Each structure stands twice: as structure tokens, then as C-alpha cells.
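The values are calculated or read from the model by the stated rules, or taken from the named source; none is laboratory data. From a predicted model like this one, the values you see are computed outputs, not experimental measurements. With ideal geometry, Cβ positions are generated from the backbone for all residues, glycine too; neighbour counts draw on all protein chains shown. Each accessible area value is taken on the protein alone, full model and side chains, heavy atoms only, with ligands, DNA and RNA left out. Shrake-Rupley method; radii C 1.70, N 1.55, O 1.52, S 1.80 Å.
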Amino acid sequence: MSNLQQRVISALVMAAVTLAVTWFGGLPFRLFCAAIAAAIFYEWTRMSRPAGGATIGFLPEALVLVFLVALIAGLPALWLLLLVAALTIIVAVATRMQAAAQWEAPGLAYASLSGFSLAYLRDGDHSGLIAILFLFAVVWATDIAAYFVGRAAGGPKLAPSISPGKTQSGALGGAVGGVIAGLLLAVVAGAGNLVQLGLVALALSIVSQVGDLFESWVKRRHGCKDSGNLIPGHGGVMDRADGLVAAALALYVIGWVSAANADHPALGLFAF
């Protein structure tokens, strides 16, 4: 089976599972987000912990578990954000005191905010469902369009020192595809603020590609080709979710600012 075939089959399976739990929202989706956060943290530490180097034991894993329990329990968003900040500071102080690798605290923050932003963007209401589907449409279309346009058009590299395979044509094609997919979803959902949503879709497409590059930089920094091997054709969960979680955090912040409501950010994103 070719790599492209593996990518397509894996993507279809992941999309089916993701859309199923997304439809239910609430506790099932929070459990799904907790699993994503746990997998991201595992892959991050697997890449970044030096073999035989100084560590702080299982403290990071224990603190991540505290976050996951709080996420699944559905604590108020601001409380959970304060918890993430506190846990990150604890790990940062502990690693400095033990002269351990300094990647533990960023990994905890990255994994926690990834699960948090997805879970609280979806929430359990209709607006949350539309918001998360809008996010999926933009990010998945960006990824697909960037892949095929980049392969077809080629041209100058986007960031050769970080990710040699990505091209400027692919980035542009991905942005166009993301905006089109986002607007189509908005029209089907009956949203009325299409101009604003088009700009939001463009921003999310760009952020998702930056998130992809960030994860590529982390892997290159630690000499890894893939973050893991859980997903055939895609590598690890970080390899598949890098752009999604970056865009989810951006959309969460946009919704929070627009709605002035940290627990229900989707209310500030759509005008029907």
C-alpha cells in the first residue's frame, strides 16, 4: 500500500471517529479531547527527553493526569486555564531545580491547551457544534489543498530549514482551500456574517500552517522524522493534530473575545 493510500484510509477513519464524538459533544467529546492531549504529551516527552539525562521523575505525568481529570469533569474554563498555568510553572521550577531537560513545561502547556481549546470550543450546544465543524472544514481543507497543490505546482520552498517538503504554492493553495471550505460550511449552517467568517477562515488556515511548521521544528530540534507511529501514513497524533490544535486555540480566543464568555466562546463566532 502506498503512503498516499495509507494517508487517505487513515484520514477517513479518523474523520469518521472524530465527527461521531463531535456530534455528541459534552462528556464524550471531552473524553476524546483528553485522549488527544494525553497522546500529544506522550509523544512530546518521547521525543524531547534525553536518554540517560536528568529527569524529574513522573511529576509531569502526574500533573498532566490532574489536568485531564479536570478537563473531563468540565471545570469552568478560567479555572482550568489557571490550573494549566500553575501546573506549567510547577514543572518549569522542578526541571530548573533538578537541571533536567527544559522541554517538559512547554510540552505540558502545549498538550493541555490543545485538549482544552478543542473541548471548550465544542461545548455541548448547537453553536459549539457549528464552530467545531467550521474549524474542521478549514483545517482539513487547508491540509488537503496544500498537499495536492504543492505536489502539482511545486516551486519555492516555504521553510526549507524546518520542513523541506512544504512549498509556497502549497501554502497559498491551502489558504484558498481553507477559506472556501469554511465559507461553504457557514452557508450550509445558515450563518449571516460571511465576510467576517471568511477573514476568520483565512486566519485559521494561516495559523494551522504555522502550527504544522512549529511541530516540524520541534521534531527537527530533536532529530525525529515523526512524532510517533500510531497513525499509518501520518506518523503520530502530533503529526496529524498539529495544525488543528493551533487553529483551535486561535478560534477559541477569537470566540472568547467576541462573546466575552470563556466557557461558551462559540456564541461569539456566528450570527444566524
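Details
- Looking across the range 242-272 at every residue that is among the small types (Gly, Ala, Ser) and surrounded by fewer than 24 Cβ atoms within 10 Å (Cβ to Cβ), the one that is modelled with the highest pLDDT is identified as ALA250.
- Scanning the range 157-180 for residues that are hydrophobic (A, V, I, L, M, F, W, C), open to solvent by 50 Å² or more (accessible area, probe 1.4 Å) and part of a helix (DSSP H, G or I) returns LEU172, VAL176, ILE180.
- Checked against (1) assigned to a helix (DSSP H, G or I); (2) within 24 Å of PHE29 (Cβ to Cβ), VAL93 passes all but a single condition, namely (2).
- Just one of the listed residues (SER112, SER127) is modelled with pLDDT of 95 or more, at negative phi and not in a loop (DSSP other than H, G, I, E, B), namely SER112.
- Residue match in the range 148-156 (condition: under 21 Å from ALA201 (Cα atoms) and open to solvent by less than 30 Å² (accessible area, probe 1.4 Å)): yes
- Some residue of the range 75-95 being of a type in the set (S, T, N, Q), over 30 Å from PHE148 (Cα atoms) and without any contact (Cβ under 8 Å) to a residue 40 or more places away in the chain: yes
- Residues located in the range 224-240, provided they are open to solvent by less than 10 Å² (accessible area, probe 1.4 Å) and either in a helix (DSSP H, G or I) or within 17 Å of CYS33 (Cα to Cα) (or both): GLY236, MET238
- Test result for SER127, farther than 15 Å from GLY243 by Cα and touching a residue at least 40 places away in the same chain (Cβ under 8 Å): yes
- Scanning the range 35-54 for residues that are of a type in the set (Gly, Ala, Ser) and either surrounded by fewer than 21 Cβ atoms within 10 Å (Cβ to Cβ) or touching a His at 6+ places or on another chain (Cβ under 9 Å) (or both) yields ALA35, ALA38, SER48, ALA51, GLY52, GLY53, ALA54.
For (1) farther than 25 Å from VAL257 by Cβ; (2) modelled with pLDDT of 95 or more; (3) open to solvent by 40 Å² or more (accessible area, probe 1.4 Å), each residue gets a yes or a no:
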| site | (1), (2), (3) |
| --- | --- |
| ILE56 | yes, no, no |
| ALA62 | yes, yes, yes |
| LEU65 | yes, yes, yes |
| LEU68 | yes, yes, no |
| LEU71 | no, yes, no |
| LEU81 | no, yes, yes |
| VAL84 | no, yes, no |
| VAL93 | yes, no, yes |
| GLU104 | yes, no, no |
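- The residue that is surrounded by the most Cβ atoms within 10 Å (Cβ to Cβ), counting only those in the range 181-204 that are touching a residue at least 40 places away in the same chain (Cβ under 8 Å), more than 14 Å from ALA266 (Cβ to Cβ) and over 24 Å from the mean Cα position of the chain (by Cα), is GLY192.
- Among (1) within 30 Å of ASP125 (Cα to Cα); (2) modelled with pLDDT of 95 or more; (3) part of a helix (DSSP H, G or I) - the single one LEU75 does not satisfy: (3)
- Just one of (1) in a helix (DSSP H, G or I); (2) among the aliphatic types (A, V, I, L, M); (3) open to solvent by 10 Å² or more (accessible area, probe 1.4 Å) fails for LEU135. It is (3).
- Checking THR88 against (1) at pLDDT 95 or above; (2) under 29 Å from LEU133 (Cβ atoms), the condition it does not meet: (2)
- Subset of the range 212-223 that is part of a helix (DSSP H, G or I) and open to solvent by 10 Å² or more (accessible area, probe 1.4 Å) - its residue that is nearest to THR142 (Cα to Cα): ASP212
- Residue tally, condition closer than 14 Å to TRP256 by Cβ and either open to solvent by 10 Å² or more (accessible area, probe 1.4 Å) or touching an Asp or Glu at 6+ places or on another chain (Cβ under 7 Å) (or both), over the range 106-121: 2
- Boolean, SER205 is part of a helix (DSSP H, G or I), closer than 16 Å to LEU251 by Cβ and of a type in the set (S, T, N, Q): yes
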